[in-house]
Amino acid sequence: LPSYEMKYINEKNANNVFRETLQETENRIDSNDIILTDVERVNWTFSIYYYPDTETQIINDNVIPNLQKSKKYWLIINNIEDINIFANQLNKQGFFCKNVVDDGILGDMPVDIYSIETK
C-alpha cells in the first residue's frame, strides 16, 4: 500500500508538471514558429497533437541548421548537457537561447524548452 501511495503522488506531480509545461508552450508557440528538437518522438507526438500547423525539425548530432532571423524558433531538448553545444552553435549564427521551461515534462519525457532569440 505505501508503494501505491508513492506511485500515485509521483504520477500526480508529473501530471501537474506536464500541464504546466503545456500551458507555458501553448501561450507562446505560434503556428508560424519552428520547433527544433533532439527528441524524435516530439515530432510525432507533441507537435502533431498540440501544434499541427507548426513545423518541427529534428536536430541530430548536436548540429543546428542555419536559422533565418525572420523566423521564430523554439528548442525542446531532453538532454540538458546538450544545451551548451547547441548554445555555442546558435551563438555563431547570431542567436541565443532563453530558457522558458526548466525541468518540464512532455508525456513521460523530461524536457527543457528554450526560445531562440536574435542578438
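Around Gln89, with a cut-off of 13 angstrom between Cβ atoms, what is the net charge of the other residues, counting Lys and Arg +1 and Asp and Glu -1?
Numbers: positive: Lys92; negative: Asp38, Asp61, Asp82.
That works out to -2.
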Length gain on complete extension for the stretch Thr54 to Ile80, per 0.36 nm per residue less the alpha carbon to alpha carbon distance?
7.0 nm
Environment charge at Asp53 (Cβ cut-off 10 Å; Lys +1, Arg +1, Asp -1, Glu -1):
-3
Nearest-ten-degree value, helix 2-26 long axis tilted from longest Cα axis of the chain:
30
Low-density loop cleavage sites - trypsin sites (Lys or Arg not before Pro) in the stretch 15-70, where at most 15 other Cβ are within 10 Å (DSSP):
Arg28, Lys69
Bin width 5 Å, origin at 0, all Cα-Cα pairs of the stretch 1-93: what percent of pairs per bin?
2, 12, 19, 20, 18, 12, 7, 5, 3, 1, 0, 0
Angle in degrees between helix 83-92 and the longest Cα principal axis of the chain, rounded to the nearest 10
20
What accessible surface, in Å², does a 1.4 Å probe find on Lys7, ignoring ligands, DNA and RNA and rounding to the nearest 10?
120
Would you tally the net charge around Leu75, using a Cβ to Cβ cut-off of less than 10 Å, leaving Leu75 out, and scoring K and R as +1, D and E as -1?
-2
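Suppose R0 equals 35 Å; then what is the FRET efficiency for Phe96 and Asn13 from their Cβ-Cβ distance, rounded to the nearest 0.05?
Values: r = 31 Å, r/R0 = 0.90.
In this case the efficiency is close to 0.65.
The values are calculated or read from the model by the stated rules, or taken from the named source; none is laboratory data. Quick caveat, the model's predicted, so the values are computed rather than measured. Here Cβ is always computed from backbone atoms with ideal geometry, including for glycine, and neighbour counts include all displayed protein chains. Note: areas computed on protein heavy atoms with side chains; ligands, DNA, RNA excluded. Shrake-Rupley method; radii C 1.70, N 1.55, O 1.52, S 1.80 Å.
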